[in-house]
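Here's the structure, in structure tokens; my notes come after.
The values are calculated or read from the model by the stated rules, or taken from the named source; none is laboratory data. Values in this document were obtained by computation on a predicted structure and should not be read as measured data. Counting neighbours? That spans all protein chains shown, and the Cβs are built from the backbone with ideal geometry, glycine included.
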Amino acid sequence: MVARRVSAEKAQDPPRGHDGREGSRLRRPRRRPRRLALIPDGESRPRLSAPLESALAARIGALLADAPATGEHRAETGETYTALATGLVVEVLAGTGRHGTLNVVRAR
């Protein structure tokens, strides 16, 4: 499964970075994303992953630290996310239930 867009979960307040300035989170994504917006092979729309485990979130955050933000978008669920220009590939376990939850297990 290839993630063409990978990002942090929805922005709840005006984006603020570690320095407190508004908008700086768009230039420097979160260090520990809670969820990822993924575009699985064969699909055209992004789907949000299940919440990430803390160790995996830290690893992915380090991999995404310097990726440029390309703007904010909405998933089918209505949640907003910050898209990043990255070629990051992640492995997921896709649930077989009605909603087909994507559980990220590893980043390459």
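State which residue is farthest from residue 31 (Cα to Cα) when the search covers only the range 59-71 and only residues that are of a type outside the set (Lys, Arg) and surrounded by 14 or more Cβ atoms within 10 Å (Cβ to Cβ).
Of everything passing the filter in the range 59-71, 70 is farthest from residue 31 (Cα to Cα).
Just a yes or no: is a residue in the range 2-15 of a type in the set (Val, Ile, Thr), surrounded by fewer than 17 Cβ atoms within 10 Å (Cβ to Cβ) and at pLDDT below 70?
Yes, that holds for at least one residue.
For the range 50-71, which residues satisfy the criterion of being within 16 Å of residue 34 (Cα to Cα) and in a strand (DSSP E or B)?
Matches in the range 50-71: none.
In the range 72-84, which residues are assigned to a strand (DSSP E or B) and surrounded by 14 or more Cβ atoms within 10 Å (Cβ to Cβ)?
If the condition is that a residue be assigned to a strand (DSSP E or B) and surrounded by 14 or more Cβ atoms within 10 Å (Cβ to Cβ), then 72, 73, 80, 81, 82, 83, 84 are the ones that fit.
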